[in-house]
Amino acid sequence: MTDKATLTIGDKSYDLPILKGSTGPDVVDVRKFYGDSDHFTFDPGFTSTASCESKITYIDGDAGILLHRGYPIGQLAEESSFLEVCHLLLNGELPTADEFTLFERNITYHTMLHAQFDTFFQGFRRDAHPMAVMTGAVGALSAFYSDSLNVDDPKQREISAHRLIAKMPTIAARAFQYSQGRPFVTPRNELSYSENFLRMCFSVPAEDWVPNPVLTRAMDRIFILHADHEQNASTSTVRLAGSSGAHPFACIAAGIACLWGPSHGGANQEALEMLEEIGTVENIPAYVQGVKDRKYKLMGFGHRVYKNFDPRAKVMQNTCYEVLEQLGINDPLLQVAMELEKVALSDQYFIDRKLYPNIDFYSGITLRAMGFPKEMFTVLFALARTVGWISQWKEMFEDPSRKIGRPRQLYTGATQRDYLAVEKRG
Ligand code: CMC
């Protein structure tokens, strides 16, 4: 086994060390390559570039495997709780009973928002997209919690992490209630993370709110499925923002902004809108033909890393069945989704490109059945992904070899030329 790669340019050869991970592809270390050779490597979209070393999440896209700190996502979704997964991602291990009690206390201690947030929220239009509200509100946290902004203090870093995990459900539920014209519901710390969130979203002063254990479990599972996903676009955004020494509230706001895009977290809303547009099973062939004619993409399908079933999509599909059955909903869009999946998986266009359903394909139908409008889907993704973002931020920050992120480029613009006064320009 060789532990170096050799790259030859003209008559010069460069030895590049090969670094080994605990599993997955080895990497060719090009850190000294520019200094030695005066060449950059070129990889727009980072399709072949490992941007960092990490111990948090591992994906084997060909085999459809997703592990958090070594634990398969299916096991975590079936057997664990979201708050346990938060501890796992943030601290590296599943908590002991005592550690869990302490962690749960630390999170619930921070669920409330500063009273001044009331005024802040009033500034948003009622018809604002809740992701616009989330981006603004999370960015504004630093204006309210300036006592945990010193990133060089480990205790303040920890408090900011706990604050973000704790306050995201409160902000998300508030954005939802605000858009519905309903009053804000204060968190209840004796409830579980997911039950508290559902209560803050759906309870109204006029009647008692009755928890539904199946829906609470489904919510918790959906949060687990979205908790982290390696170096995706929003996580890389958080890391890049954090590499300058920016505090976590600013970095997570940047991650939320990135997540909103339709190729990333915005796809869950778009997937449901697509199913609504298709409407009935009879319209599927024409819609699929439109995809093959490249008029639009099949939303909720395809993934940069998974060239096999997204392991989260399988759990999501089962959760979807459970929720619909529990609520006694016969959603015609589920029929459309199942038939569309069948047609796409047997079509050569999708087979050739290894396009499979991703997590977003079934999440919209599930969340709609639970009572969330589609504008909230990406908000729920952001809520759940916050723990992944903050864990990755923490890992990056604590890495002694941390450097500010500063990619280079292949410049193809004009070479140096002289300024001409306007009357002399042709
Ligand atoms: N529908 C139709 N064709 C597709 C799709 C799709 N959903 N996804 C990829 N392709 C085609 C693409 O046109 C290309 O074809 P060709 O080689 O003939 O030009 C080929 O498959 C490879 O696609 P790509 O654009 O190079 O793949 P990518 O890795 O850059 O994109 C993706 C990954 C997720 C952005 C893309 O699959 C996509 O836009 N999917 C729909 C949006 C979506 O569901 N996103 C959610 C991802 S999972 C949640 C998350 O992590 O955010």
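Failed condition for PRO400, given (1) within 14 Å of the ligand (Cβ to nearest atom); (2) at pLDDT below 95; (3) not aromatic (Phe, Trp, Tyr), with all others met? If we test PRO400 against (1) within 14 Å of the ligand (Cβ to nearest atom); (2) at pLDDT below 95; (3) not aromatic (Phe, Trp, Tyr), just (1) comes out false.
I'm checking my understanding of the structure. Among residues of region 1-16 that are in contact (Cβ under 8 Å) with a residue 12 or more places away in the chain and in a strand (DSSP E or B), which one is farthest from ILE404 (Cα to Cα)? Here the answer is LYS12. Within region 360-386, being within 12 Å of the ligand (Cβ to nearest atom), over 30 Å from GLY245 (Cβ atoms) and hydrophobic (A, V, I, L, M, F, W, C) holds for PHE361, PHE377. Listed by first and then second residue, the pairs linking a residue in region 130-146 that is buried (at least 17 other Cβ atoms within 10 Å of the Cβ) to a residue that is outside any helix (DSSP H, G or I) and of a type in the set (Phe, Trp, Tyr), with Cβ atoms under 6 Å apart and 6 or more places separating them unless they lie on different chains, are MET131/TRP260; VAL133/PHE124.
Against the conditions (1) in contact (Cβ under 8 Å) with a residue 40 or more places away in the chain; (2) within 12 Å of the chain's Cα centre (by Cα); (3) surrounded by 19 or more Cβ atoms within 10 Å (Cβ to Cβ); (4) more than 20 Å from VAL85 (Cα to Cα), where does HIS247 fall short? Just the number, please. For HIS247, the exception is condition (2). Give me a count of the residues in region 258-283 that are away from the ligand (no atom under 14 Å from the Cβ) and either of a type outside the set (Val, Ile, Thr) or buried (at least 18 other Cβ atoms within 10 Å of the Cβ) (or both). Total meeting the criteria: 5. Scanning region 17-58 for residues that are assigned to a loop (DSSP other than H, G, I, E, B), touching a residue at least 60 places away in the same chain (Cβ under 8 Å) and more than 30 Å from VAL85 (Cβ to Cβ) yields a count of 2. Among the conditions (1) part of a helix (DSSP H, G or I); (2) over 26 Å from GLY265 (Cα atoms); (3) without any contact (Cβ under 8 Å) to a residue 40 or more places away in the chain, the only one that ALA173 does not satisfy is (2).
Could you say whether any residue in region 79-92 is at negative phi, in contact (Cβ under 8 Å) with a residue 24 or more places away in the chain and surrounded by fewer than 16 Cβ atoms within 10 Å (Cβ to Cβ)? No. Within region 202-220, residues that are within 21 Å of ASN318 (Cα to Cα) have Cβ atoms under 7 Å from residues that are of a type in the set (Phe, Trp, Tyr) and surrounded by 12 or more Cβ atoms within 10 Å (Cβ to Cβ) in these pairs: MET219/PHE197; ASP220/PHE82, counting only partners at least 6 apart in sequence or on another chain.
Do we have any residue at all in region 270-288 that's part of a loop (DSSP other than H, G, I, E, B) and over 24 Å from ALA384 (Cβ atoms)? Scanning region 270-288 turns up at least one residue that is part of a loop (DSSP other than H, G, I, E, B) and over 24 Å from ALA384 (Cβ atoms).
Counting just the residues of region 305-327 that are of a type in the set (Phe, Trp, Tyr) and outside any helix (DSSP H, G or I), which one comes out nearest to PHE372 (Cα to Cα)? Ranking the candidates gives PHE309 first.
Results for (1) among the aromatic types (Phe, Trp, Tyr); (2) closer than 24 Å to HIS229 by Cα; (3) more than 14 Å from the ligand (Cβ to nearest atom); (4) in contact (Cβ under 8 Å) with a residue 24 or more places away in the chain, shown as yes or no for each residue.
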| position | (1), (2), (3), (4) |
| --- | --- |
| VAL288 | no, no, no, yes |
| MET299 | no, yes, no, yes |
| HIS303 | no, yes, no, yes |
| ARG312 | no, yes, no, yes |
| ILE329 | no, no, yes, yes |
| SER346 | no, no, yes, no |
| ASN358 | no, yes, no, yes |
| GLY388 | no, yes, no, yes |
| LYS394 | no, yes, yes, yes |
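Of the residues making up region 228-257, those that are within 12 Å of the ligand (Cβ to nearest atom) and part of a loop (DSSP other than H, G, I, E, B) are ASP228, HIS229, GLU230, GLN231, ASN232. With respect to the conditions (1) in contact (Cβ under 8 Å) with a residue 40 or more places away in the chain; (2) within 16 Å of the ligand (Cβ to nearest atom), GLU341 falls short on a single one, namely (1). Taking the conditions exactly as written (at pLDDT 95 or above and within 30 Å of THR216 (Cα to Cα)), does GLU322 satisfy them or not? Criteria not met by GLU322.
The values are calculated or read from the model by the stated rules, or taken from the named source; none is laboratory data. Every value quoted in this text rests on a predicted model; they were computed, and no experiment measured them. So basically every Cβ, Gly included, is an ideal-geometry build from the backbone, and we count neighbours across all protein chains shown.
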